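Following: one structure in structure tokens, then a few remarks.
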Amino acid sequence: MKAQTKETQSKYTPHSAVKALKEGNDRFLKTQQTNRDLLGQVKDTAGGQYPFAVVLSCIDSRVPVELVFDQGIGDIFSARVAGNIVNEDLLGSIEYGCKVAGSKAVVVLGHTGCGAVKGACDDVQLGNITPLLAKIKPSVEAVKTPEDSNLRNSENKKFVNDVVYKNVELTINNLRNDSPLLKEMENDGDIVVVGAVYDVASGAVEFLDS
């Protein structure tokens, strides 16, 4: 399979870009991954890149984005940071992927059992991890149940995963609020911004309404 070109990228719409990722995860789940000549794609992309989507995900080693979406070299921009949060640098990276390089979709991808979310739930204080987890704290506070403080910690799997979903939602809100460029592109129909959660136990990606 050849790598993306400017011509093939231009044929994607925001809707079809998300559809391609959903189909890729379906192939992954069925172990029917596309047969790719990866070294050939290295050569194909040596002169330029034309990814059709940007995925903002966690650094978790169990969530290799290209693999779970069955994509090859040059297909997607992968922005990774613990807890899939956004800051100025990540926003700039996503803006580049969409406005400069032509990607049609932005996916904020959380995952079940996220260690960064667990750390925020437990109010971990450790080096530079502390200010990073502070960006997830609003999601912890936004999940109102259970009210019992003894149950609002990393030992409560349901609470952790509720925060995972809320964190995807709030990250999308922050992306739209803090990047007028991306918001304008979305309003104009040039891109779509969607949330998703990867299940580390099954390999399935659930796309969310946003």
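FYI, it's all coordinate maths here, none of it is from the lab. Predicted, not measured: the structure shown is a model, and the values here were computed from it. As a convention, Cβ positions derive from the backbone with ideal geometry for all residues, glycine included, and neighbour counts pool all protein chains shown.
Can you compute the helix-only [θ] at 222 nm over the chain? Use -39500 (n - 2.57) per DSSP H run of at least 4 residues, normalise by all residues, nearest 500 deg cm²/dmol.
After summing the helix terms and dividing by residue count, I get -12000 deg cm²/dmol.
Please turn the phi angles of region 136-148 into ³J(HN,Hα) values with the Karplus equation 6.51 cos²θ - 1.76 cosθ + 1.60 (θ = phi - 60°), one per residue in order, whole Hz, x for glycine and proline.
Running phi through 6.51 cos²θ - 1.76 cosθ + 1.60 with θ = phi - 60° gives 9, 3, x, 6, 4, 5, 6, 8, 8, 10, x, 7, 5 Hz.
Given a cut-off of 29 Å, name the pairs among Lys30/Lys135; Lys43/Lys104; Lys22/Lys118; Lys43/Lys183; Lys6/Lys137 whose C-alpha atoms lie farther apart than that in the structure shown.
Lys30/Lys135; Lys43/Lys183; Lys6/Lys137
Taking Rg/Rh (Cα atoms, Kirkwood Rh) straight from the coordinates, which label in (1) 1.19; (2) 0.99; (3) 1.05 is the correct one?
It is the one labelled (2).
Would you please put 111-117, 129-135 in order of how densely packed they are, using the mean number of other Cβ atoms within 10 angstrom per residue and starting with the highest?
Answer by packing, highest mean first, reads 111-117, 129-135.
Checking understanding here: applying a Kyte-Doolittle mean of at least -1.0 and a length along the axis of at least 27 Å (C-alpha), which whole DSSP H helices in the chain pass?
157-178
Which three extents, in whole angstrom, do the alpha-carbon atoms of region 68-118 cover along their principal axes, largest first?
Ordered largest first, region 68-118 gives principal extents of 35, 29, 15 Å.
Go through region 1-109 and name the trypsin sites (Lys or Arg not before Pro) that are in a DSSP coil and have 15 or fewer other Cβ atoms within 10 Å of their Cβ.
Sites meeting the loop and neighbour criteria: Lys2, Lys11, Lys30, Arg62.
If you scale each eigenvalue of the Cα gyration tensor by 5 and take the root, what three semi-axes come out for region 140-199, rounded to whole angstrom and sorted largest first?
Equivalent-ellipsoid dimensions as semi-axes: 31, 12, 7 Å.
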